[in-house]
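Okay, so here's the structure we're looking at.
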């Protein structure tokens, strides 16, 4: 069940990438991050406010850690990612975000001396190879042509921010229910995003809230924001940060499937080969028992 929820998590996040690319001409990046999470908070609060109030003492005791987790996951990751999608090619952003599991492994080892088996290393490398194969469209000779632009630094910052969040959440569990935890970090994250949003408005960026754009924000608020975060946080606690992180490699696979369904893009052989490599890597990384 945990692995099924992680698959759904990445499916919803793939929709986030697709929607983020589609909606950015109408909604600036910080505005998109703000309204996505503000709406998610409006959806959650009627169901979670009473429980959050009951756990107010726990929240107060862990406020600094909750603020750090909110800054890394809700504020930094989303702003950095949406800016990257506006300024850097999708292939570059996908390749950089595929490094999240690698960053998780390195941070877990450096910060907490968490070990990793040779089989898991092979699995991560295999998954990453599949992702690179898809990004390069099966033409390995094109690897030298991948150029990293200024926007790629935003994507790299987003990936590092999410990796740190994942490792910290694994090792510093807060005694809150999943929905209370999510509600609190959204509240704090929106508070952090708001002054940046005001700065974006002051710079002259304006959102065009067309019906399609509003519908896109509603999707982002419910699926990638609420459900994916609940499923991801559960996965970190039950199967470990390293194994949870490797599911990030499924992002391009699900994105291709969504593009086929909604955009009519054809399935190519390099898609099939890359997907096989990615799924094989996930199998190798998750089949060994124990939490690393």
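Quick one: in region 86-96, which of the residues that are surrounded by fewer than 24 Cβ atoms within 10 Å (Cβ to Cβ) and either assigned to a helix (DSSP H, G or I) or touching a strand residue (DSSP E or B) at 6+ places or on another chain (Cβ under 6 Å) (or both) is modelled with the highest pLDDT?
Across region 86-96, the extreme among qualifying residues is 86.
In this structure, does residue 292 turn out to be at pLDDT below 80, more than 18 Å from residue 81 (Cβ to Cβ), more than 19 Å from the chain's Cα centre (by Cα) and assigned to a helix (DSSP H, G or I)?
No.
The values are calculated or read from the model by the stated rules, or taken from the named source; none is laboratory data. Being a predicted model, the structure only gives us computed values, none of them experimental. Neighbour counts run over all protein chains shown; Cβ positions are idealised from the backbone, glycine included.
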